[in-house]
Every structure is written in C-alpha cells, then in structure tokens.
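Only one structure is covered here, and it is reproduced in the block below.
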Amino acid sequence: QVELVESGGGLVQPGGSLRLSCAASGSIESITAMAWYRQIPGLQRDLVAAITSGGSTHYKDSVKGRFTISRDNANNTVYLQMNSLKPEDTAAYYCKADYRLLYTDVSWGQGTQVTVSS
C-alpha cells in the first residue's frame with residue numbers, strides 16, 4: 001500500500017554532488033519515517049540517513065556534514081542531498097518507508113546506483 005520510486009543516481013566525480021529523490025505513493029498518510037540505505041553487493045544494507053514524521057533526523061557518522069535528508073510533503077517526496085562525495089560512497093542507494101496500517105510494516109524502493117569515480 002506504500003510504493004517508493006527512487007531517482008537521481010548516476011556517475012559523479014569525487015567532491016561532486018548528487019540529489020536522490022524518493023517519491024511515495026499509496027497510503028502515504030500512514031508513513032511514520034523514511035530513510036535512505038546503501039548497499040554494496042554481498043554486504044548488508046547500511047542506514048545512511050533517516051527522517052521521522054516529526055522531522056527528527058539521523059545520519060551515519062561517515063556522511064554527517066556531507067549529506068542532508070529532507071522531505072517535501074506537498075510532493076510526497078524525500079530527498080538525499082549528497083555533497084563532497086567520496087569513492088567510498090559508491091553503492092546502490094535504497095529508500096525505505098516505515099508505515100502503520102493494520103500493523104507496522106516497511107516498503108523499499110528499487111534502488112538507484114551512485115558511482116563516485118574520476
């Protein structure tokens with residue numbers, strides 16, 4: 001009942017910037033928090049940034065000060081602004097929504113690839 005579609009990934013040089021977008025549809029009023037994770041093939045998905053319905057944010061230590069998570073309620077979209085990108089930021093980035101209908105559940109986007117290379 002909550003669907004997520006990510007966009008904005010691509011190839012960028014070290015030190016560059018990208019903005020990822022995650023558009024939500026369905027029962028968006030049930031969403032309690034949204035987050036961005038990233039994953040290198042063969043490894044577990046790692047939390048990058050999260051934002052709650054109340055506006056509280058959390059960041060992975062290695063991206064703090066470089067990445068900013070924000071939301072646009074009018075467009076039902078959450079963003080991840082990534083500045084000062086490093087090669088170690090290269091990964092598939094996934095949007096996640098926590099939501100409550102009859103029970104607490106999660107939805108995942110399909111992922112968008114970010115590659116940081118010269």
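Along the stretch 71-80 the Karplus relation, 6.51 cos²θ - 1.76 cosθ + 1.60 evaluated at θ = phi - 60°, assigns HN-Hα couplings of 9, 10, 5, 4, 9, 6, 10, 10, 10, 10 Hz to successive residues, with x for each Gly and Pro. Expressed to the nearest 5 percent, the antiparallel share of DSSP beta bridges inside the chain is 95 percent.
In order along the stretch 29-38, the Karplus-derived 3J(HN,Hα) couplings, from 6.51 cos²θ - 1.76 cosθ + 1.60 at θ = phi - 60°, round to 5, 8, 6, 9, 7, 9, 8, 10, 10, 9 Hz, and Gly and Pro are given as x.
Modelled label positions at Val5 and Thr32, each set 7 Å beyond Cα in the direction of Cβ, lie 2.8 nm from each other.
In terms of the mean number of neighbouring beta-carbon atoms within 10 Å, the peptides 19-28, 70-79 order highest first as 19-28, 70-79. Legend: P(r) of the stretch 11-102 from all alpha carbon pair distances, 10 Å bins from 0, whole percents, reading 16, 49, 28, 7, 0.
Here the dipole of the chain is about 260 debye; that uses its Cα centre as origin and unit charges on the Cβ of Lys and Arg (positive) and Asp and Glu (negative). The residue among Thr32, Thr52, Thr68 whose Cα reaches farthest toward the positive pole of the charge dipole of the stretch 8-94, with charges on the beta-carbon of Lys, Arg, Asp and Glu, is Thr68. For Lys86, a cut-off of 20 angstrom between C-alpha atoms picks up these aspartates and glutamates, skipping any fewer than 8 places away in its own chain: Asp46, Asp61.
Each value in this text was obtained by applying a stated rule to the coordinates, not by laboratory testing. What you are looking at is a predicted structure, and each value in this text was computed from that prediction instead of being measured. When we count neighbours, we look across all protein chains shown, and the Cβ atoms used for this are built from the backbone with ideal geometry, even at glycine.
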